[in-house]
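Worksheet: one structure, shown below.
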C-alpha cells in the first residue's frame, strides 16, 4: 500500500502536468500523510538538506564551463579539429560528429549543452552535403548523450549525492564505456551511410591538421588537467569543476578573445537557470528519498526481486529493463534521484559493485534522453534543427539500438567496465 501511495501520487501529479519537482514534493507529502508523519518542519528541513551538499557544487561550475565553451569558441575549434582528422572519410561528417561529441563530453559533461552545440554547427553542414536530415539529427542526438558518461559527468555527480559512491571512481570508470558507446554509433553510422552516394570533403593537409590542433590545444588541455588532477589527487571532483569553469573563462576571454565582457551576464544567467532546475529537483527528491527509507520500501523491493538475487546478471537485466521503461517517461535527473535510493540497497544486498552499477545506471539514463516520448535531447535537436519530433525519433532508432546493445553487453561481461576502471584507479 505504501508503494502504491507513493507511485500513484507521483504519477498522478505528473499526469495532470505538474512539474516533476513539485510532483516529488506532493508525493512526499502524500507518503508522509499515509505514514502519519506529516510535519511541515520535517518537509522543509529535508528540502534544505537536499540542496546542502558539497559535491553538488560541481553542477553549477560544470554547467558554467559548458556555457562558456559554447560562447567562447572552444566548441567550434573542437569540431574543426575533428573535421581535419576524419572529415575526409566516407560519411566523414558523421564521424566528425562522433569525435567532436567525445571531445566535448570531456569538457562539459552536459548532454543538452553538447547536443545544442553539435546540432548548431554540424546539422546544417550534414544536410547541405546531402545526408538525410532525420538520420543526421538522430546521430547528433545519440552522440550528445555520451556526455553524461565520459568524465566530467553531471549525471555521476547527482548519482553520487543520491548513492554516496565515490565520484572520482565513477569518473574514471566511465571513460571506456563512453568510448564504447561512441564506437557503437560509429559502426552503425558506417553501416547506414555506406548506402548514401555522397562525396566526402577533401582530405585536410598536414599543415591544416597542425593548424587545427594548435587552435584547439587550449581547449584540449581542459580534460587533461581535470583527469590528471583527479588521478593524482590534486583536487576533488568539485574542485575540478571550479578549475574547469575558470580555465574555460580565461581561455575564452584572454586567449581566443571571442567571449566579450558584455556576454558574460547572459552566459552566467543561462548556467544559473539550468543549475536552479537541477538543484530544485535534487532538493525535492531528498524528501521522497528520506520517506522511502522511513517506509522501508527498499526491503520490499529486495523481497520483490528475491528470485533474481542469486544471479547478478539476471538481476541487472531486470533492473535495466525497469530503468529503460522509466526513462521513456521521465528525464535523467529525476530518474536518478527517485530510483537510486530504492535500487542501491538491492544492489548492495546482491553483492554488486556500486561503481559498476552506477556506470550502467547512468548509461541507461543517458539513453533515456533520446527515447520518446519525453527525450530531452531529441527535443533539443528538433528545436535547433527546426525538425519535427517524429523525424528525429525515426533517425535516432538505429543508434539508440546500438547503444542499448553496448549497455547489455556490459551487463553480460562486467569486466568491460570493472577492468578499465581498476586500471585507471591504479
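Before moving on, here are some points about what is shown:
- Sorted fewest first by neighbouring Cβ atoms within 10 angstrom, 86, 287 come out as 86, 287.
- Ratio Rg/Rh, restricted to the chain and using Cα atoms, in which Rh is the Kirkwood radius: 0.97
- Among 186-199, 161-174, sorting by the average number of other beta carbon atoms lying within 10 angstrom of each residue, highest first, gives 161-174, 186-199.
- Helix 389-412 and the long axis of the chain differ in direction by around 70°, with both axes built from C-alpha atoms.
- FRET E, pair residue 224, residue 310, Förster distance 45 Å, beta-carbon r, rounded to 0.05: 0.55
- Ordering 77, 394, 262 by the number of other Cβ atoms within 10 Å of each residue's own Cβ, fewest first, gives 262, 394, 77.
- Counted residue by residue at 0.36 nm each, then reduced by the alpha carbon distance between them, the extension gain from residue 49 to residue 88 reaches 8.8 nm.
- Rounded FRET efficiency, nearest 0.05, which uses the C-beta distance separating residue 235 from residue 205 and R0 of 41 Å: 0.55
- Computed from Cα atoms, the angle from the helix 354-368 axis to the main principal axis of the chain rounds to 70 degrees.
- Fully extending the segment from residue 318 to residue 276, taken as 0.36 nm per residue of separation minus the present Cα-Cα distance, adds 11.8 nm.
- Degrees between helix 40-51 axis and first principal axis of the chain (Cα, 0 to 90, nearest 10): 30
- Sum of -39500 (n - 2.57) over DSSP H runs of 4+, divided by residues of the chain (222 nm, nearest 500): -25000 deg cm²/dmol
- Shape call, segment 147-282: gyration tensor on alpha carbons, a/c limit 1.5: oblate
- Note on residue 254/residue 127: beta-carbon distance plugged into 1/(1 + (r/R0)^6) with R0 of 35 Å gives a FRET efficiency of 0.50.
None of the figures in this text is laboratory data; all of them are computed from the coordinates on show. Small disclaimer: the values here were computed from a predicted structure and weren't measured. We place every Cβ from the backbone using ideal geometry, glycine too, and count neighbours over all the protein chains shown.
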